[in-house]
Amino acid sequence: GIYGKAVIPDGIVSIGEYAFYMCVNTTSVSIPNTVNEIHHNAFAFCESLDEFICQGGKFTSELGIMYTDSGKTLERVPCSFKGAFTLKSGVEHISFGAFISCGEIESLTLPESVKSFDKGAFSHLIGLVSFSVSDDNTSFSSKEGALLDKDGKTLLAFPANINGKYSIPDTVSS
């Protein structure tokens, strides 16, 4: 595997599925503006990964987190993030595998701006104890740590590491 920083050369247009799979000693990945596609699981199980450095183009980065669509779509969170994680305001969509292998994130807060997420967006969040959602969010809500639709009738995601018994809220019908 790669130790330390990985710099993808200019001219590369795509990062393949599992390209950096289990590169457990990689701490940073610099992505040139020529990259216009990153396949699922490209950075899965890169446990030491602290940051993505995107040089513009389709992908951008802020505080080490990768986005597309001018920051409106969350693409990837580095695997080394721990504890409480709050998505930045302005994020509207969470991509498939955005949190892949982020096993030490314990709580995840969605701001008012999040409107949608892909199936598998929260996979491998094995340390997650709770979701919380801004009261101003018009698409989602949370109750006792679970992620629900706004009216509380559909259970959308359940934290993998919730402790004790959990009673599905009476409002949930699916």
| Qualifying residue in segment 77-96 (condition: assigned to a loop (DSSP other than H, G, I, E, B), surrounded by 15 or more Cβ atoms within 10 Å (Cβ to Cβ), modelled with pLDDT of 95 or more and acidic (Asp, Glu)) | yes
| Listed residues THR73, THR109; which is under 30 Å from LEU148 (Cα atoms), surrounded by 13 or more Cβ atoms within 10 Å (Cβ to Cβ), touching a His at 6+ places or on another chain (Cβ under 6 Å) and not acidic (Asp, Glu)? | THR73
| query | Just one of LEU110, LEU148 is under 13 Å from the mean Cα position of the chain (by Cα) and aliphatic (A, V, I, L, M); which is it? | reply | LEU110
| remark: A careful count of residues in segment 4-18 that are touching a residue at least 24 places away in the same chain (Cβ under 8 Å) and in a loop (DSSP other than H, G, I, E, B) gives 6
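Yes/no per residue for (1) touching a helix residue (DSSP H, G or I) at 6+ places or on another chain (Cβ under 8 Å); (2) buried (at least 18 other Cβ atoms within 10 Å of the Cβ); (3) within 22 Å of GLY83 (Cα to Cα):
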site: ASP118; (1), (2), (3): no, no, no
site: PHE122; (1), (2), (3): no, yes, yes
site: VAL129; (1), (2), (3): no, no, yes
site: THR138; (1), (2), (3): no, no, no
site: LYS150; (1), (2), (3): no, no, no
site: PHE158; (1), (2), (3): no, no, yes
site: SER174; (1), (2), (3): no, no, no
| Filter pass, SER107 being small (Gly, Ala, Ser), within 23 Å of LEU49 (Cβ to Cβ) and modelled with pLDDT of 95 or more | yes
| request: Would you confirm whether any residue within segment 119-136 is over 25 Å from VAL172 (Cα atoms) and out of contact with any Cys (no Cβ under 6 Å at 6 or more places or on another chain)? | output: no
| note | Note on segment 135-153: residues among the charged types (D, E, K, R), under 14 Å from SER107 (Cα atoms) and in a loop (DSSP other than H, G, I, E, B) are GLU144
| query | Out of segment 27-70, which residues are open to solvent by less than 30 Å² (accessible area, probe 1.4 Å), over 15 Å from the mean Cα position of the chain (by Cα) and modelled with pLDDT of 95 or more? | reply | SER28, VAL29, SER30, ILE31, PRO32, VAL35, CYS54
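The values are calculated or read from the model by the stated rules, or taken from the named source; none is laboratory data. This one's a predicted model, so the numbers in the text were calculated from it and none came from an experiment. FYI the Cβ positions are ideal-geometry reconstructions off the backbone, even for glycines, and counts take in every protein chain you see. SASA here: full protein model, heavy atoms, side chains in, ligands and nucleic acids out. Shrake-Rupley method; radii C 1.70, N 1.55, O 1.52, S 1.80 Å.
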